[in-house]
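What follows draws every value from the coordinates through simple rules; no lab data is involved. Remember, it's a predicted structure, so these values are computed and weren't measured experimentally. Quick reminder, even Gly has a Cβ in these numbers, built from the backbone with ideal geometry, and neighbours come from all protein chains shown.
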Amino acid sequence: MLAIVLEATAKIGFMFALIMGLVPVLIWAERKGSAFIQDRTGPNRAGVLGIRLAGLIHPIADVIKLLAKEDVVPAMRHKFLYALAPMLVMIVAMSTYAVIPFGDYIMIGGEKIELIVADLEVGMLFVLAIASLGTYGVALGGWASNSKYTFLGSLRATASMISYEITMGLAIMGLFLIFGTFRLTDIVAGQGDLIWGWLPKWGIIVQPLGFLLFIASVYAETNRTPFDMSERDSEIVAGYHTEYSSLKFALFFMAEYAHMVVAAALIAVLFFGGYQIPWLPRPVLEANAGAMLTGGLIAGGIVLGIIAWAFFRRARREKGWYNDAREREPGFLGSVCVVLALVNLGALGLQPWAISELGASLYATFAQIGAFVIKVAFFSWLFIWVRWTVPSFRYDQVMRLGWQIMLPAGLVNLLVTALWVFAVHQP
Amino acid sequence: MSYKGLPDVVTTRRRNLLESAYFTEIARGLAVTGRHLIRNLFNTDKMPTVQYPDQKRDYGPRFRGRHRLTQREDGSPRCVACMMCSTVCPADCIEIIAGEHPDPTIEKYSKEFNIDLLRCVYCGLCEEACPCDAIRMDTGIYEIAAETREAFVVNKDFLLNNDKDGTL
Amino acid sequence: MAKLTIDGKEIEVPDGTRLFDACREARGGRDLPHFCYHPDLSIAGVCRLCQVEIEGMPKLTIACNTIVRDGMVVHTTSKRVNQAVTQVLEMHLINHPVDCPICDQAGECGLQDQYMDYGLYESEVEKTDKVLKKKAKVIGPHVILDQERCVLCARCTRFCEEVTGTGELGIYNRGDRAEIDVAPGVELDNNYSLNTVDICPVGALTSRDFRFQKRVWLLKSTSSVCNGCATGCNVRVDHEGGRIYRLKPRRNDEVNGPWMCDKGRMTYKDVHREDRLDRVLVRREGELQPISWAEGRQELLGAVKPGGVGYVLADPGRSLEELVLIQRLATELVGEEPMAGGVSDDGHDEGDDLLLSADRRPNRKALAWLDFAEKPAEALAGELSGASGVLLVFGGDPLAHQALADAASRMRVVYLGTHRTATAEAADVVVPLSMWAEKDALWVNKQGRIQRGQRAVLPPGDAREDWRVLVDLLQSIGHDPEVAGLPALRRLVAARLELEDENLLNRLPEGGYAPPRLADAPTGGR
């Protein structure tokens, strides 16, 4: 019993850490990325003893600011629902992770532990059900604020979520037909196969149209550009969270990024093989663990060395720019990189090429988790990248796209897939 | 007449099927923004941003900064309180109270000369209007900060001794 | 009648007309350039600017000193004329200091106007070559002289000789050293000295009172009527930002011509005097304490009740509309007898035979029209000692008379006035009223001419339009005069005066109106 509790706690802890760790990084990436895309420098002021980490300290400063801020509330709000809404949004964003497999399994003390918090039979349906609840948070928040802007924002959010949830469901229906299950672990495992011996059987390969429909509808579900109708600044101030401040606003703000992470994880799990590394299934990883680990350590050492060299060069160039603690930053970071590189190379002394069988299994597990995290990070970044590239759709355009184009396309996709599956699995 | 060879009437082309499917166009857009991102990522020094408090831009000699009142050779202010500047001022930010000067060849002088720097729009019309070259905006000072609104109303003594790093 | 052609336009003017006036008529009201010509002074012909070309005459002729003849053909804008004007103007400006930035005349200066119309040449005179003369010379209590700016048009010397007959000013020396001045030991101190400032076309004579106070182009003008005496000179109130800076005469040939006296010009100072009342004051614990308008109104309405009021005292300084309302209020409150239009001993001083009237109240004639008799202080004191209750005083300063103050000491004094006078100090309730420049009001001058003064500035603090206070009082005692605005009020006044047209006072002509029916009414006062 204790083991089960510990196991669940550890897995929940990992997912929680992944999300809450990614949220500030995404906020940072949003700011810095948008700045670079627009030829600006972006945040670079907040720092501790001159260490600014290219603006990575800013989200921390923001959190402290939001914690310390006065909570300004509208006088005529609905008190209970107004307080409930941000919590609801955050809870919904966090719950979805329960059914997402972030790795295959891990061997601890001879026990095989599945790397998923709750391996539900109806995994994907759970995701869709929980995601629908997210609408409540937005709609209630907008309504309870008793402001026209927030009300318009929540109306729009509700409309877009209802419209695109249908498409989202239809888009992945084809996937369920092909893999024959709702269980996400099975879907990921199924994507480890190869078609004709060389093509990974990823969701995007077998369901390209489904992928496009799905990615468009999750963008709408997360209220991100180009479907950010519910918080469009030029029209309705900040939409449904106009009247929120302090920590309640922070919850809405973080929930947006948490939603992005869950959407990215879903894209990765459904269409990009989840934790699967293409052409390197688990047995191959375990068999070649020693060689790969050695190569990885050497390559890591070299890369860290190059980064350190770049930092030192920068330190030389920036000498005399600021005349304060900021000048020491590149030198300090360069030294850290040198130390890490030395640790990397020093680890070679442990003879990684002669790794044990248990070690090889652990290595394979962590390599797969790493692959999953990299995929999630990339699709999270894609959200940001698209936001700073594509202009927003108008409200009517969003509605027309959803109902007149994506919904029929989803139906066609489902029909074709069903016919194909029927033809292949002719009883 | 076309301007710089540009056509007078711009005709829009209908989008073809590929374009109206968005995805290829979005991919092209992503390529553009990605190119900017990568370029800036590896050339942070060459960005046009001026790191303001640490770096400052050089302005030309005609830049209009905070005002100052000029002086005659004997150190007395040149202003004769003719009110040309306060008349022409579109922001109505100059307040002058005239007085009788003890020297009858000068006759009139400004007893008080106040400029509300918060109201001023830095248009430079007061310089243009002044018949005595008494007010100039050549200090080059543009960093103007104070803690109260009252502090932004600067008086004659301040304007006469308006050195480069003078704070309010 | 003479028929002549000016600039190709045929006009017909009476015989004996000056060509200058004929030219103005032909040019659509536009004067010829001039400095010395003034319609109310003799012809001097010294500035040589109004030169015109008359066909058949070999040389150019000045229009001001030429009488029209039948069949004259005159050109006022020919090249020859323009050239002559430009050259004459250049000569006037040879020694002019061009210190417009510090000159109070800038903005209403003849030289500036003429230069913009006819000059615009490059000066050939170096600033160092100019003849220097005395600047900023004080020549009288009101006037300051700058000899450098003078163009020797001799308007001021002619004014002093012909209008006032005092002859203080004269032209001394010859050639480019000629200058206007007063003789040693003489001051320009007659009561009309500021008119020389008005007629000076340049900034040679300027007002000491207005000196450096405001640039003239910033001033806004409102036409009004002087309240200094019973003459009722038409004036222009020049004001800016709620503050009056000067009074200037407004031409009304029936009343004051183009002139006004210095005493009248200084009356604007009373409007901004420090002892103006701007709050309602109530006596509490022996001291007059300011209270809000809402409270003050309750206090006033509580004091002014039929039966509670023992005596009503008005003042000839109140406007015609107010006097009508006061009389009506008094009749409702106290009946026919216990009221007076004012203290007949007050408001008399020395007059002169030009404009200043010995009667220093602007509206005494109106009291006579309304049969609202003034009473001497002694008679009033007698009546007051027989009265009890509230003494209601509208304006003036009756309790400055010791006898009246003693008689009123037993009564509760409610004073509605403008300044903190002796009456205000003795009163129990003091309500601020507005002064003449702060309201749109009618005044009856000593000729029996109704003239309208318009509102130039807003009254200070809680003071408001006086007739509204009076209407409020009438309404509170149940006698609503049913006046919602000024037009209705003026109809009420017209009905009281039994004028032939009830709207006559709403469309008074520019120069005022003297009702013939009331022309023989006796003058008030002694």
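Key figures for this structure:
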quantity	calculated
Average silhouette area of region B:68-160, convex hull of alpha-carbon atoms, in square nanometres	6.0
Where labels lie 7 Å past Cα in the beta-carbon direction, separation of C:ASP480 and C:LYS305 in nm	2.2
Disulfide-incompatible cysteines by the Cβ rule (no partner under 4.7 Å) in chain C	C:CYS23, C:CYS50, C:CYS64, C:CYS100, C:CYS103, C:CYS109, C:CYS150, C:CYS156, C:CYS160, C:CYS200, C:CYS229, C:CYS261
Cα convex hull of region A:290-354 - mean projected area over all directions, nm²	4.2
Globularity ratio of region C:147-232, using Cα Rg and 2.2 N^0.38 Å	1.25
Distance between region A:98-165 and region B:31-103 - C-alpha centres, whole angstrom	54
Charge dipole of region A:158-264 about the Cα centre (unit charges at C-beta), most positive-ward option of A:PHE182, A:LEU251, A:PHE227	A:PHE182
Chain A - percent relative contact order, Cα under 8 Å, separation 6 or more	22
Value of Rg to Rh for region A:133-292 (Rh from inverse mean 1/r over Cα pairs, i.e. Kirkwood)	1.12
Leading residue at positive end of dipole, region C:304-363 (Cβ point charges), from C:SER319, C:SER344, C:LEU355	C:SER319
Within 10 Å of each Cβ in C:475-484, the average number of Cβ atoms from other chains	0
Chain C, relative contact order in percent, only Cα pairs under 8 angstrom and at least six apart counted	11
Span-like helix ranges in chain A, DSSP H, alpha carbon extent 18 angstrom or more, Kyte mean at least -0.5	A:2-37, A:79-95, A:123-144, A:148-179, A:208-221, A:246-271, A:289-317, A:329-346, A:357-387, A:407-424
Between helix C:377-386 and chain C: long-axis angle, C-alpha atoms, 0 to 90°, nearest 10	20
Phi to ³J(HN,Hα) by Karplus 6.51 cos²θ - 1.76 cosθ + 1.60 over region C:242-248, Hz, x for Gly, Pro	x, 10, 8, 9, 6, 10, 10
Helix-derived mean residue ellipticity, 222 nm - over chain A, DSSP H n ≥ 4, -39500 (n - 2.57), to 500	-22000 deg cm²/dmol
Other protein chain Cβ atoms within 10 Å, averaged over every residue that makes up B:73-85	2
Shape parameters for region A:149-233, alpha-carbon atoms, Rg then Dmax in Å	16.3, 56
Unit charges at the beta carbon, dipole of chain A: most positive-side option, A:THR135, A:HIS78, A:PHE393	A:PHE393
When region C:324-482 is reduced to its Cα atoms, the Kirkwood hydrodynamic radius in Å	16.8
Only Lys, Arg (+1) and Asp, Glu (-1) charged, at Cβ; the protein assembly as shown dipole about Cα centre in debye	4280
Exposure rule at most 16 other beta-carbon atoms within 10 Å, DSSP loop trypsin sites (Lys or Arg not before Pro): chain A longest free segment	A:70-318
Loop chymotrypsin sites (Phe, Trp or Tyr not before Pro), region C:75-146, which have at most 13 other Cβ atoms in a 10 Å radius of their Cβ (DSSP)	C:TYR121
Of B:LYS111/C:LYS269; A:LYS319/B:LYS46; B:LYS156/C:LYS134; C:LYS127/C:LYS214; A:LYS65/A:LYS148; C:LYS214/C:LYS263, pairs whose Cα-Cα distance is over 24 Å	B:LYS156/C:LYS134; C:LYS127/C:LYS214; A:LYS65/A:LYS148
Projected-area average for region C:257-395 over all orientations - Cα convex hull basis, square nanometres	10.9
Principal axis dimensions, chain B - Cα atoms, whole angstrom, descending	86, 45, 29
Å³ per residue enclosed by the Cα convex hull of chain A	182
Part-to-part distance (alpha-carbon centres) for region C:368-385 and region B:130-165, which is given in Å	64
Along chain B, longest interval not containing exposed GluC sites (Glu not before Pro), exposed being DSSP loop plus at most 14 other Cβ atoms within 10 Å	B:1-72
Cα centroid separation, region C:30-109 to region C:229-270 (Å)	29
The protein assembly as shown: C-alpha pair distances exceeding 42 Å, %	66
Calculated diffusion of chain C, Stokes-Einstein form, Kirkwood radius summed over Cα pairs, 20 °C and 1.002 mPa s, µm²/s	82
Proportion of all alpha-carbon pairs of region C:2-92 beyond 20 Å (%)	28
Sorted peptide list for A:103-111, B:46-54, criterion being average Cβ within 10 angstrom, highest first	A:103-111, B:46-54
Dipole moment magnitude, nearest 20 debye, region C:280-506 about Cα centre, only Lys, Arg, Asp, Glu C-beta charged	420
Packing-based ranking, highest mean first, of A:293-301, C:263-271, A:164-172 given that Cβ atoms within 10 Å are counted	A:164-172, C:263-271, A:293-301
Relative contact order of region C:163-310, pairs being alpha-carbon contacts under 8 Å that are 6 or more residues apart, as %	13
Ranked C:TRP467, A:TRP385, criterion: other C-beta atoms within 10 Å, fewest first	A:TRP385, C:TRP467
Pairwise FRET efficiency - B:ALA145 versus A:LEU53, Cβ, R0 = 41 Å, nearest 0.05	0.85
Cα-Cα separations in region C:184-271 greater than 23 Å, expressed as whole percent	20
